[in-house]
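Structure, as structure tokens:
Just so it is clear, none of the values below were taken in a lab; they were calculated from the coordinates. Note that the structure is a prediction, hence the values are computed from the model and not measured. No Cβ is skipped: glycine too gets one built from the backbone with ideal geometry, and neighbour counts run over all protein chains shown.
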Amino acid sequence: MLDPDSHDADGGSFPGLNFAYRFHDGVAERIAPAGLRRALKEPGGWTWLHFSLDDDGVRNWIAQEAAIPDRAKAILLSDDEHLVLEPIVGGIAGVFADLLRDDQDKTRQLGRLRFALTKDLVVSGRRSALGAIARTLEAIDAGKRFPDAVALLETIVGHFADSVAVVAGELADTLDLIEDHVIDDDIPGDEPRRLAPVLRIVVRLHRQLAALRLLFRRWSVPEETELPTHIGQAAGRLAQRLNGLDHEIAAIQERARLLQDEIGAKLAAATNRNLYVLTIVTALLLPPTLIAGLFGMNFADLPFTKGTGGFFWALALAAGSAATVYAFLRWMRIMR
């Protein structure tokens, strides 16, 4: 990553610049901030600049100096989180979703990649480090060629799709474990706690994938867009890939919901069994409790208070009343 405090030879600063590349015949050459302004003026090839959009200096440079249309500047500087893909003069601009690069707690948080793409320049930015950008840089370092800026954008979205596919596999494995445990145990243990993050992640991913798929699908239809043909073809490829991935995520979401219903049913059944036992015990103990309460009254004419054996008579009445209730419940087939 370039030094965020570096300055170019003209005295201009790029405090929030993460990196810059110049592409000639698909081959990437990293540009230091000192040579950035000169590289932007060179004929032939195209340049990719990636910024941290939290930096005020970056926002000022985009607003005042970036050689992109005003609509592209508005998209880059906006705080709106909605996914967007719009044509601009000479290219496209938009907002895409991506998984955060440093997601230590595995909650699969999503960030936003904002970009403006023309034939000669790609300006992109983010507020949090993104995984797809990191993997694209790895591909560049490994020698991957990008014949044009559209190929770069397609690669970035492809890396996002790859990451989602990996997450989908991990979530499917988690559901397999939960499913096995639910089948083996009559009463689920911590499965509801383990299932909740899975549902939260798949709902979030499904929402983003569906939105991206619709964006690319719309721009892949020639009669609905004025984008160049090669951009429409790339959009069609991405729409097809995201469509299959979205179906996979939707299937995982359906499995998670079915498991949630199964766990809920088992918990409800266990609760009903406990309530049934509690009701039976209460019904059996109610008559003896009533008899004990009667004999506990401090009245002079209570039976069995004179002579011996009163306690055992009261005990027999309590046991007999419980037995009577037990027999009645069995006769009514309330008890099994």
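Things to note:
- Given charges at Cβ of Lys, Arg, Asp, Glu: the chain dipole, positive-most of 21, 210, 137: 210
- Antiparallel %, DSSP beta bridges [both residues in the chain], to 5: 85 percent
- Residue exposure proxy: 330, 59, 114, 127, ordered by other Cβ atoms within 10 angstrom of their Cβ from fewest to most, comes out as 330, 127, 59, 114.
- Sum of side-chain charges, residue 176 neighbourhood, beta-carbon under 13 Å (Lys, Arg +1; Asp, Glu -1): -4
- Between residue 63 and residue 316, the distance separating the two model label sites (each 7 Å from Cα on the Cα→Cβ line) works out to 9.8 nm.
- Two-site label geometry, residue 265 and residue 214: point separation in nm, points 7 Å out along Cα→Cβ: 3.3 nm
- Helix 191-219 vs. the chain, principal-axis angle (Cα, 0 to 90°, nearest 10): 30 degrees
- Extension gain for residue 141-residue 301 works out to 47.4 nm (0.36 nm per residue, less the C-alpha to C-alpha distance).
- C-alpha long axis of helix 310-331 to longest principal axis of the chain, angle in °: 50 degrees
- Sorted by Cβ density within 10 Å, fewest first, the residues 68, 334, 280: 334, 280, 68
- Straight-distance crosslink candidates among lysines, where the alpha carbon sits under 18 Å from residue 73 and sequence neighbours closer than 8 are dropped: 119
- The ranking of 65, 248 from fewest to most other beta carbons within 10 Å of each one's beta carbon is 65, 248.
- Virtual paramagnetic centre 7 Å along Cα→Cβ of residue 42, amide N under 14 Å, in the range 118-140: 121
- Stretching residue 279 away from residue 199 to a fully extended chain increases their span by 25.2 nm, per 0.36 nm per residue minus the current alpha-carbon distance.
- Centroid-to-centroid separation of the range 302-335 and the range 58-76 [C-alpha atoms, Å]: 90 Å
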